């Protein structure tokens, strides 16, 4: 029998490197475990009906947030005396009287002529097959009107203080002022519901972790620091290969195979979970049917769709990407506007049939309630990761709100969403949504610790504080296909670090 | 009473009367007779295969006799809508109402055919088991329980646990929530008092009473519930579900409304406004 020592000097075969006793974890890197509990706040029933009216959504939102808004307004304006007049609370929007100082709570409605309106389309007989998506809804020449609405009626809001606040359709506010001669309500002051009560860390997990964290502050310094990686807009595409090299580097980085052993053990193995926040598949570039180029002529349509225009490559690439990471890294996958999930908000999980290789890491059929290693979730998505309550979306809610104003301050709008207590106020006005009738999940009942929005043009983040000591870390996750950046969140200190990958 | 409602829904009884008048010459009967009589007597000889009970000449003799003496005692109470007055059967003759066949316009045979049916003895199309008019489907909880029972008997192999399961399913179907139990204890007098309180709070008198003359207090209470917008929009949701949603949100909807819904068994009804707005629904044409 030939022994290894005999042929070792030939240079072809080599014994495995002896472990250097100075470096730790020399043989196999172990990834830190992830404590994860995903909530089905936004899951819709499979047999859902569509007979309901959308007015139920506004009614549910107003009923749930109105008590909180009125409480804050009462505390602020109870003793206000302006010009010898006491501010009185008025029950309904139409009960305001001219010349009387009063305050009332209701829903904001932005009357903008550039907003897509079904009534306009019907009245002008414009039967466009696909709704045109407009860049922005605000009009430059001041034709926009802000109205306050509740079940009794609407009243127009005017006044200087309105310019200091972000307002979109669907946020619940309380305004103090009086009705002027034109029948409009002149606003003197404005109040929101502000941040909802925040649950403590580990609120939904087992008791032993909770008791440990009760003694110390919420931040546990002795625990090993874990990181959550959040990436968005991976954009696997069948046609464009501009960033495919960076995608490979990303895969190696997340699988702890890149760089040297020291960073692998210190940083990369500390990543306990990856969250992919939408747009994993690039937007389909459809060929122009009117072009004269014979090669791009659409083929005959069978059963109403052109089967040859479907390109399976993007989802195959995504599947192989996931299946190489999944053996060692749990992944949470959110659908985005370009992903194969339903187009209305809240998007339901991407079906496991899209991932022939990765679906084995999904939930086991015998335990359908426990999320598997690959957790395909809804968009928006609420869960408890490492004890922190996390709320995340793939970007549709923020992008839609940004169309309502000029030069939107995205981080400021994220903060405004938390203070309005509504994660998608423009649903169903300009954001397509399911007609909820019994309960509307967009109202934030509990304040999250971490709120991220994906598919944004630039990375940004800040921490906001609430009146009861709530602290929320807001993150704008940039599109990987444009910026090549991954966001890492430290689960103990809630500090962020951004990793930019480049393949040179 | 079921028989009378079937009478009101179809227009045949007037046709019956014209047939009688053409055939009987010596009949001196007063207009106040019961069509119940007609059906009963016509039923005795079933010569025509159609369900339409044709009163033949010989069966009419009891009517031509002394009108006041009737084998069946009926208390005359005029029906306000039809031009001819019908008498309603009393409660001690419920089986007669069951005997009376339920006829539909589509199953009605024209008068000419009816008169010649006995003469020609032609075979007729049997409409007895075909209902060509779509009927309003009422989800009867007992039917549901019966269907569930059938399914269980078919699927379970062992016969012994079946009766237990059937009982469980029936209990689950008929179980009421605590607020519904409380609502069923609300008396009719309490509901009337509630409605009177609403009416008294209005400043102006009711001007057009004719629009609400045919409505019971329960119906008025429910329509007021529909337009109470503080409990949400009434279109696109059943009244019961709207009440339960209002209670869940803490709006304190009045328990009298739930009492009317539960007592009159109108759990699946939508708002009256909803039916008007969705007037594409099937209805009878006059």
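When only alpha carbons are used to place a centre, the range A:348-413 and the range A:74-108 end up 41 Å from one another. The label-point distance for residue A:409 and residue A:44, in a model that sets each label 7 Å from Cα toward Cβ, rounds to 3.5 nm. When only alpha carbons are used to place a centre, the range A:448-502 and the range A:158-182 end up 31 Å from one another. In this calculation the C-beta distance from residue B:220 to residue A:121 is compared with R0 = 41 Å, giving a FRET efficiency of 0.55. Here the range A:369-504 is treated as a sphere whose radius is the Kirkwood value from Cα pairs; by Stokes-Einstein at 37 °C and 0.692 mPa s it diffuses with a coefficient of 204 µm²/s. In plain terms, the chain from residue A:357 to residue A:370 could stretch by 2.7 nm, reckoned as 0.36 nm per residue minus the Cα-Cα distance.
Taking 0.36 nm per residue of separation and subtracting the Cα-Cα distance, full extension of the segment from residue B:196 to residue B:184 would add 2.3 nm. D for the range A:57-119, whole µm²/s, Stokes-Einstein with Kirkwood Rh over alpha-carbon pairs at 37 °C and 0.692 mPa s: what number? Rounded to a whole number, D works out at 236 µm²/s.
Ranked for footprinting exposure by Cβ neighbours inside 10 Å, fewest first, A:351, A:136, B:208 give B:208, A:351, A:136. From least to most packed, judged by other beta carbons within 10 angstrom and beginning with the fewest, A:492, B:269, A:384 follow the order B:269, A:492, A:384.
Once the Cβ-Cβ distance of residue A:463 and residue A:74 is raised to the sixth power relative to R0 = 25 Å, the FRET efficiency obtained is 0.30. With viscosity 1.306 mPa s and temperature 10 °C, the Kirkwood radius over alpha carbon pairs of the range A:55-191 converts through Stokes-Einstein to a diffusion coefficient of 97 µm²/s. Residue order for A:77, A:103, A:373, fewest other beta carbons within 10 angstrom first, comes to A:373, A:77, A:103.
Would you mind calculating the gained length between residue A:141 and residue A:82 on full extension (0.36 nm times residue separation, minus the Cα-Cα distance), in nm to one decimal? The partial results should precede the final answer.
On the way: separation 59, 0.36 × 59 = 21.24 nm, distance 3.32 nm.
Net length gain for the segment: 17.9 nm.
Between the range B:174-236 and the range B:237-257, what is the separation of their alpha carbon centroids in Å? If you average the Cα positions of each part, the centres end up 13 Å apart.
Bear in mind that the values in this text are calculations on the coordinates, not laboratory data. None of these values were measured; they are calculated from a predicted model. Glycine gets a Cβ as well: all are built from the backbone with ideal geometry, and neighbour counts include every protein chain shown.
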